[in-house]
1. Can you flag which of Lys358/Lys402; Lys48/Lys262; Lys326/Lys384 are past 25 Å Cα-Cα?
2. Arrange the peptides 109-115, 279-285 so that the one whose residues have, on average, the most other Cβ atoms within 10 Å appears first.
3. To one decimal place, what Kirkwood hydrodynamic radius in Å is obtained for the chain from all pairs of distinct Cα atoms?
4. Leu168: net charge of surrounding residues, Cβ under 14 Å, Lys/Arg +1, Asp/Glu -1, itself excluded?
5. Roughly what would the spin-label model give for Glu395 and Asp202, points 7 Å off Cα along C-beta, in nm?
6. Quote the charge dipole size of the chain about the Cα centre in Debye, to the nearest 20; the model charges only the Cβ of Lys and Arg (+1) and of Asp and Glu (-1).
7. How tilted is helix 109-118 with respect to the longest principal axis of the chain? Cα atoms for both, answer in degrees (0 to 90, nearest 10).
8. If I take R0 = 30 Å and measure r between the Cβ atoms of Val250 and Ser332 in this structure, what FRET efficiency does the formula 1/(1 + (r/R0)^6) give, to the nearest 0.05?
Amino acid sequence: MANTIIIGMQWGDEGKGAETDRLSENSDVIVRYQGGGNAGHTIVIDNKKYVLHLLPSGIIRKGKINVISNNVVIDAFNLLKEIDDLRKMSVEITPENLAISDRCHLTLPYHLRLDELNGKSVGTTGRGIGPTYTDKVSRTGIRLCDLLDLSNNELNSKINENLSEKNLLISRKEWKSTVNFQECYEYLLKARDKISPFINRDIGKIVLEHDGSLLYESAQGTLLDVDLGTYPYVTSSNPTIGGAFTGTGVWVDFNTKLGILKAYTTRVGNGPFPAEQVNEFGERLRKNGFEFGATTGRARRCGALDLVIARYSARVNGISEISLTKLDVLSSEDKIPVCIGYKIDGKNIDYFPAYLNKVEPVYQELDGWRTDITNARRADELPKEARDYIMFIQEFLGVPIKRVGVGPGRDQVIEIFR
Ligand code: GDP
Ligand code: IMO
Ligand code: MG
């Protein structure tokens, strides 16, 4: 049994979905353990593009068990749309291959409204994520189990208690967008009818008692972690490794802690980004890497690879090996800057600071290769400069790079140094 956890080492969009899809071939159970519809995981198979938000990226392969565990927050309408869209693309989704924890919290219409009104300074995805997690921690949230276990009266009073508090908050900002009872009640009834067949009472049992291998898929990235990321410009859950245990309710010994590292850096939304490149290099990265959000369509901010961030992520998550993704996107560069240190007030610092806004990045320039590498399938088919780029990162981090992505397709990956 080889258990693997996949974790984003930057600010999300590193290519976690594509790697989860590839590695799910040899896994039996694929688990999404945090986040919600804020995630956008794109998978390309035979030029067909699948975009997943809530469903684990093992769902496309037949014969796998996919689990959405307790710390994932669910907008029922979005989940149902995602299931419908995938079924139209001939993906089978049944209670045989999808189990959703009854402990998952639901995103209701008032969460969406609050996120719309309050999420602007962070630049959230507008999917109600922060307000849903806020209710979870405030102990006022509505969970999937409530749809099965509460009487209509109990459910009604839960909705009403929430509405009186939330509408007060909403009306302070914009009275027009308050939410009515009917909107919420209908939302929950629809969720109950359509999602009930997938609701599972004991997710931990599936995880512990399966035969074969587990594959955990995080959403977002280490720098978006609410505790360990660039607070307050973060999401509201723990994508880092600790979140996998509270997020599923069981402890698992991961043989492989696979960090997904993009060969450069991107960020969506606001907040500090020391290696950001607001110049032609950054524009080329956006264009060549097609860096537009899979959930919101926003242009992603682009920058150089930041190895200070990568080293921090490797430490936080105990990363045992790395998949370096999107190396092909750098193929038109003569020289490639890489951030190898931070200064504050002109002095090198040897710690990862709580705020990155005062940091000045220190760069080293590496040679580019200016050759198309999208058809390379073995390390020795890569130009020397590309191999040097990989080795530089590996040596800096002290973590082996075992896989390199050279394109979005399922087969566009090089397994190296094994
Ligand atoms: P995730 O949120 O971490 O799953 O990443 P996204 O799916 O949001 O963004 C990664 C994007 O890059 C997707 O469109 C993938 O299809 C694409 N992708 C993944 N790996 C590679 C790669 O090695 N090269 C290129 N060019 N694209 C890739
Ligand atoms: P995947 O799984 C990139 C960012 C948002 C915003 C901040 C908070 O595709 O890597 P939220 O809606 O979570 O309250 O927004 O987090 N963000 C992501 N950025 N990839 C994601 O997911 C993200 N999920 C949230 O842009 O800055
Ligand atoms: Mg994404």
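The values are calculated or read from the model by the stated rules, or taken from the named source; none is laboratory data. These numbers were taken from a predicted model, which means no experiment stands behind them. Heads up, the Cβs are rebuilt from the backbone with ideal geometry, glycines too, and the neighbour counts pull from every protein chain shown. For accessibility, only protein heavy atoms count, side chains too; no ligands or nucleic acids. Shrake-Rupley method; radii C 1.70, N 1.55, O 1.52, S 1.80 Å.
1. Over 25 Å apart, Cα to Cα: Lys358/Lys402.
2. Order by mean packing, descending: 109-115, 279-285.
3. It is 22.0 Å.
4. +1
5. About 5.3 nm separates the two model spin labels.
6. 520 debye
7. 50 degrees
8. 0.05
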